[in-house]
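The values are calculated or read from the model by the stated rules, or taken from the named source; none is laboratory data. Given the structure is predicted, the values throughout are model-derived calculations rather than measurements. Positions of Cβ are generated from backbone atoms using ideal geometry, with glycine treated the same way; all protein chains shown enter the neighbour counts. These area figures cover heavy atoms from the full protein model, side chains too; ligands, DNA and RNA do not enter into them. Shrake-Rupley method; radii C 1.70, N 1.55, O 1.52, S 1.80 Å.
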Amino acid sequence: MRKLFIITVLLFSVNLILGAQTLRPVPHEMVQEGKKTLNVSKGVVLMDPKGVFSDACGFLKRRDKGLTLTVDFGASAAVQSGVREISGAYRLSVTSKGITVTGYDEEGAFMGLQTLRQLVVSSEDMRIPCCTINDWPDNTRRGFFDSFHGKSWTHPFRLSMVDLATRLKLNEYVYAPENDPYVAGEDWYMPYPQGSSDALK
């Protein structure tokens, strides 16, 4: 039993070490340009034609000129970049000239930024690999159930779970508190009463 415990701990430790250097979830297609890297330590100029990703790029310093990070989405941009026609699909291109994220839709561009975030956060010296990543979700609904009793949904642990879900490219969060009278009662299988959905929002 003791040997099994030690082996389990060792495997878990190895998984943590390897997990820090890989992308989660693993992209469908990733091609690296040898050992070339791009230094993003000085920051980037954000080129955001649709004007929706300023808050999603907080993991990188911003500057007025220099290295560019272009984030775009939409059918025409996706076709030009070879992005799959699937909601959530994206292409991330890191070259010596800059970074481009193209999504099939807004969700796809956001998912591409989460992949870029993983590359930046896992690098020790803010040098990320020059690469091209094409990725798309296998499932339209990806998320987790949160069933709890007591503390509200604004509890720091709960908010950190939502942040982790974002980084892992999950797109659904099901809130199911155990102290909800409709969930905890005998009629748990019945639909919520009329008007209760407004209160939940």
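The table that follows gives values for the structure above.
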item	result
Residues of the stretch 178-194 satisfying the condition of being of a type in the set (Phe, Trp, Tyr) and at pLDDT 80 or above	TYR189, TYR192
Filter result for VAL83 (crowded, with 20+ Cβ neighbours inside 10 Å, at pLDDT 95 or above and assigned to a strand (DSSP E or B))	no
Odd one out for ASN171, checked against (1) farther than 30 Å from LYS97 by Cα; (2) among the polar types (S, T, N, Q); (3) in contact with a Phe, Trp or Tyr (Cβ under 8 Å, 6 or more places away or on another chain)	(3)
Members of the stretch 31-80 found to be in a strand (DSSP E or B) and open to solvent by 80 Å² or more (accessible area, probe 1.4 Å), listed by number	VAL31, GLN32, LYS35, LYS36, MET47, ARG62
Residues of the stretch 86-105 that turn out to be touching a helix residue (DSSP H, G or I) at 6+ places or on another chain (Cβ under 7 Å), assigned to a strand (DSSP E or B) and open to solvent by 40 Å² or more (accessible area, probe 1.4 Å), as a count	1
Residue under evaluation MET161, criteria (1) in a loop (DSSP other than H, G, I, E, B); (2) modelled with pLDDT under 85; (3) open to solvent by 60 Å² or more (accessible area, probe 1.4 Å), criterion not met	(1)
Close pairs from the stretch 32-51: first over 11 Å from ARG62 (Cα atoms), partner among the basic types (Lys, Arg) and at pLDDT 95 or above, Cβ under 9 Å, at least 6 apart	THR37/ARG127; LEU38/ARG127; ASN39/ARG127
Tabulated pairs, the stretch 104-132, first of a type in the set (Ser, Thr, Tyr), second open to solvent by 10 Å² or more (accessible area, probe 1.4 Å) and in a helix (DSSP H, G or I), C-beta under 9 angstrom, 6+ apart or interchain	TYR104/ALA75; TYR104/ALA77
Near pairs, Cβ below 6 angstrom, 6+ apart or cross-chain, from the stretch 172-201 (at negative phi) to any residue that is loosely packed, with under 10 Cβ neighbours inside 10 Å and in a loop (DSSP other than H, G, I, E, B)	GLU172/ARG141; GLU178/HIS149; ASN179/HIS149
Which numbered condition ILE133 misses (of (1) open to solvent by 40 Å² or more (accessible area, probe 1.4 Å); (2) under 24 Å from ARG62 (Cβ atoms))	(1)
Subset of the stretch 61-98 [under 13 Å from ASN134 (Cβ atoms), in contact (Cβ under 8 Å) with a residue 24 or more places away in the chain and hydroxyl-bearing (Ser, Thr, Tyr)]	TYR90, SER93
Search result, residues across the stretch 106-140 that are assigned to a loop (DSSP other than H, G, I, E, B) and within 15 Å of the chain's Cα centre (by Cα)	TRP136, PRO137, ASP138, ASN139, THR140
